[in-house]
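Down below is the structure, laid out as structure tokens.
The values are calculated or read from the model by the stated rules, or taken from the named source; none is laboratory data. As the structure is a prediction and not an experimental result, all values here were calculated from the model. As a convention, Cβ positions derive from the backbone with ideal geometry for all residues, glycine included, and neighbour counts pool all protein chains shown. Heavy atoms of the whole protein, side chains included, go into the accessibility calculation; ligands, DNA and RNA do not. Shrake-Rupley method; radii C 1.70, N 1.55, O 1.52, S 1.80 Å.
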Amino acid sequence: MNPMNQAKQPVTVLAGRYGHPLHPALVAVPIGAWVASFVFDIASHLVSDPGFLAQGSRWLIAVGVLGALAAALVGFLDLFAIPPGTRAFRIGLLHMSINLAVTVAYAIGFLIRDGAGRGPVSWGQLALSAVALAALGVSGYLGGELAYHYGVRVADEATQARGYIREEKV
Amino acid sequence: MAIAALITWVITAIGGFVMLGTWISRGGHRPGSDTRLAPGLVFTHFALAAIGLVLWIVYVVVHNTVLAWVAFVLLVPAALLGFAMLARWIPARRTGTVESRFPVPVVIGHGLFAATTLVLALLAALGMGGS
């Protein structure tokens with residue numbers, strides 16, 4: 001099997017069937033939760049009783065960390081599908097490293113927000129989330145490059161072409 | 001105790017990833033490979049231990065004993081599968097199969113840290129040694 005087709009195949013059905021990778025589906029959870037957490041952080045400075053937003057934001061960080069860990073489990077399997085020593089593998093390693101760092105940053109964010117009370121989210125905590133979210137954007141771009149540019153875990157073109165055969169009306 | 005188990009668990013996981021990466025990058029998961037480790041065995045072990053680790057992380061934060069027990073219960077079959085793989089790896093060590101490329105210290109370290117994790121997790125679930 002050539003190296004490119006190797007990266008298109010799941011290493012196990014745990015990573016999702018051929019053409020249906022689980023990793024990109026699961027990453028929606030941390031991305032959504034952490035973006036919403038950031039919106040809550042900012043909103044906590046705009047409303048008169050910010051406590052519920054600060055506490056909700058901390059919950060969203062936790063949801064995001066758990067989602068990120070689940071996404072990481074299948075992400076590792078997709079990384080191993082890419083032949084080592086290739087540009088795609090190098091991008092995959094960078095994508096993984098940034099994501100792990102972001103997840104650690106959010107885990108720290110969760111811990112230092114212990115006892116989120118009635119006040120708004122502190123500027124320091126908000127800045128940590130902003131930096132982590134920006135890094136998440138960078139690694140998301142790299143993830144997009146792996147999928148849309150290099151076709152990692154994307155079905156091959158012969159399979160894709162089958163979706164474009166005009167069907168006869170009955 | 002829970003934190004100590006978390007630390008040994010993570011170290012065990014890193015060793016596991018090294019071996020899993022070696023095994024997959026050399027095609028151990030593909031049909032026709034000369035590996036003696038069945039893919040079902042490898043990936044079930046990976047999934048049980050990894051899900052257990054995630055649950056343990058949640059337990060460390062929220063201190064819910066039920067979570068600790070669920071994580072420990074997942075760890076027991078993971079350990080049994082690990083022993084099954086060790087039993088297949090030992091004779092395969094000098095045969096040139098995919099798994100014979102595993103560095104011996106990584107295999108030994110993975111096993112020792114895994115056994116330590118199992119004991120620490122049990123003690124933590126039983127409520128010994130605080131958190």
- Could you work out Rg/(2.2 N^0.38 Å) for chain B, with Rg from alpha carbons only? 1.10
- Rank these by accessible area, largest first, 1.4 Å probe: A:Glu145, B:Glu99, A:Glu167. A:Glu167, A:Glu145, B:Glu99
- Item | Rg/Rh (Cα only; Kirkwood hydrodynamic radius) as it applies to the protein assembly as shown | 1.02
- For region A:85-150, one quarter of the surface area of the C-alpha convex hull, expressed in nm², comes to 5.0 nm²
- Measuring from its Cα centre, region A:1-136 shows a charge dipole (+1 at each Lys and Arg Cβ, -1 at each Asp and Glu Cβ) which, in debye to the nearest 20, is 320 debye
- Message: Probe of 1.4 angstrom, ligands and nucleic acids ignored: what's the accessible area per residue over region A:105-170, in square angstrom?
- Response: 69 Å²
- Task: Return the value, in Å² to the nearest 100, of accessible area buried between chains B and A (probe 1.4 Å, both sides summed).
- Result: 1300 Å²
- Using just the C-alpha positions of region A:13-125 as equal point scatterers, what log10 of I(q)/I(0) does the Debye formula give at each q in 0.12 1/Å? -0.50
- In whole Hz, the Karplus estimates of ³J(HN,Hα) for region B:47-58 (6.51, -1.76, 1.60; θ = phi - 60°; x where Gly or Pro) are 5, 4, 5, 6, 5, x, 4, 4, 5, 5, 4, 4
- Note on the structure: In whole percent, the fraction of accessible protein surface over region A:13-133 that belongs to carbon or sulfur atoms, probe radius 1.4 Å, stands at 74 percent
- Message: Sequence gap at least 6, Cα distance under 8 Å: using those rules, report the relative contact order of region B:1-88 to the nearest whole percent.
- Response: 30 percent
- Using the scaling law 2.2 N^0.38 Å as the reference, what is the normalised Cα Rg of region B:57-131? 1.38
- Note on the structure: Output ordering of B:90-97, A:74-81, A:149-156, A:35-42 (per-residue mean of other Cβ within 10 Å, highest first) is A:74-81, A:35-42, A:149-156, B:90-97
- Rg (one decimal) and Dmax (whole number) from the Cα set of region A:1-51, in Å, equal 19.1, 61
- Message: Under a Cβ-only charge scheme (Lys and Arg +1, Asp and Glu -1), can you give me the dipole magnitude of chain B about the Cα centre, in debye to the nearest 20?
- Response: 400 debye
- How many Cβ atoms of partner chains, on average, are near each residue of B:41-51 if near means within 10 Å of its Cβ? 3
- Query: What FRET efficiency do you get for B:Ile14 and A:Ala161 if R0 is 35 Å and r is their Cβ-Cβ distance, rounded to the nearest 0.05?
  - Reply: 0.25
- Task: Would you kindly derive the ³J(HN,Hα) couplings of region A:120-134 from the backbone phi angles with the Karplus curve 6.51 cos²θ - 1.76 cosθ + 1.60 (θ = phi - 60°), listing them in order in whole Hz, with x for Gly and Pro?
- Result: x, 5, 5, 5, x, 5, 5, 5, 4, 5, 4, 5, 4, 5, 5
- How much net charge surrounds B:Ile90 when only the other residues with a Cβ under 13 Å from the Cβ of B:Ile90 are counted, with Lys and Arg +1 and Asp and Glu -1? +3
- Partner shielding of B:20-31, taken as the mean number of other chain Cβ atoms within 10 Å, equals 4
- Fraction of accessible area attributable to carbon and sulfur, chain B (%, probe 1.4 Å): 74 percent
